[in-house]
Amino acid sequence: MRTAHFTDPAARERYRALYAAAVATLPPAIARDVETTHGTVRVLTCEGAPSGEPLVLLPGAGAPGVSWASSVPSLLGLGTVHLVDPLGGPGASRQDVPIRDLADQARWLRALLDGLDLASFHLVGTSMGGRIAFELARRAPAGLRTLSLLEPANTFDRIPLATVASSVGAIPGAPGWLRRRFLDRLGDGGAAGDDPVLRLVDAGMSGFASAVPHPPRPSDADLRAVTVPTLVLLGGRSTMLDAGRARERAALLPRGTVEVWPDASHALPGEFPERVAERIARLTAGPVPS
């Protein structure tokens, strides 16, 4: 099996320049590189309210941690925010060992959390980052206080065939118009404009060859095994899942709260950052998991 890589040196240099521009949109952030079981993971840390417990944020596939930029200011009132560049995808992390399955995904994430010395934390994941976050909660939840899953991909419902078909736009070397059509489909027109984060995501899709396997959906038993307080937010206009079916399966979570936001698309975190922060705040203010 292979590891993730840029398609050529020019793509790497272009991405690095755009990455720096996107990071500049964040509140003051400290970059750290943490050694894990499968490579070195870049984490951007924005110091938040000292009274709150830290939040660890996982982005969707094809995006680095800085893609959470629009959400960070609203979340800093809850605690320090750690933005993760997942292994196997574009960003400043470096994958050294192939990732074979979800067990490997959970291993490197667990190693990262241990390397950050987080005795307790709140985990937030969107899209495929939500799928990885779920797996961490199922397999290695030590220190995990709460879990927030925002439009998690292939977790409570299968990805629609139309979205799978349009994902050819995410293949390195695909025409720009096809890539933008795919991003538009996911984010309801959000690929337009000159936003630094969207330009970065576009560059990652065009010039980076990811190396992560497509995960299976959790079984009913897997869903029942996650016992931490869990918030699930689903977009009524999502193209990544059917909100009705996803809500039904998410009801299997023993301590889950499931909401469908009718006006939200798959880009829910970026569309409603303040509202998302308010919902996570209510979750994290709850009782300590037993």
Report task. At 1.4 Å probe size, with every protein chain present, just tell me what the per residue accessible area of the chain comes to in Å². Result -> 41 Å²
**Report entry** Sulfur and carbon atoms: percent of accessible area, the chain [1.4 Å]
**Finding:** 55 percent
Query raised in the report: GNM, the chain, Cα, under 10 Å: largest mean-square fluctuation among D194, D263, D184?
Result: D194
Query raised in the report: What shape does segment 1-105 have by the C-alpha gyration tensor, where a ≥ b ≥ c are the square roots of the eigenvalues, rounded means a/c under 1.5, and otherwise prolate means a/b greater than b/c and oblate the rest?
Result: oblate
Report summary line: Taking the alpha-carbon centre of each part, the distance from segment 161-187 to segment 225-244 in Å is 23 Å
Report task. Post the alpha-carbon centroid distance, segment 50-124 to segment 2-36, in whole angstrom. Result -> 14 Å
Query raised in the report: Which length gain, in nm to one decimal place, applies between R100 and I30 when the Cα-Cα distance is subtracted from 0.36 nm times their residue separation?
Result: 22.2 nm
Query raised in the report: According to a simple spin-label model (label point 7 Å from Cα along Cα-to-Cβ), what is the distance in nm between T37 and D242?
Result: 3.5 nm
Query raised in the report: Antiparallel as a % of all DSSP beta bridges within the chain, to the nearest 5?
Result: 40 percent
Query raised in the report: Extension gain D263-R224, at 0.36 nm per residue separation less the Cα-Cα distance, in nm?
Result: 11.2 nm
Report task. Consider just the alpha-carbon atoms of segment 170-290 and return their Rg together with their Dmax, both in angstrom. Result -> 17.0, 51
Query raised in the report: For segment 1-61, what relative contact order do you get, as a whole percent, if you take Cα pairs closer than 8 Å and at least 6 residues apart?
Result: 20 percent
Query - Compactness relative to 2.2 N^0.38 Å, alpha carbon Rg of segment 149-220 - result: 1.19
**Report entry** Computed label-point distance, nm, for sites S120 and R2 using a 7 Å Cα→Cβ extension
**Finding:** 4.5 nm
Requested in this report: Calculate, axis by axis, the spread of Cα positions in segment 99-194 along the three principal axes, and write the results as whole Å, longest axis first.
Outcome: 45, 29, 25
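The values are calculated or read from the model by the stated rules, or taken from the named source; none is laboratory data. On a predicted model such as this, the values are computed, not experimentally measured, just so you know. A quick note on method: Cβ atoms are made from the backbone with ideal geometry, for glycine too, and the neighbour counts reach across all protein chains shown. Ligands, DNA and RNA are stripped out before the accessible areas are found, and what is left, the full protein with its side chains, is counted by its heavy atoms. Shrake-Rupley method; radii C 1.70, N 1.55, O 1.52, S 1.80 Å.
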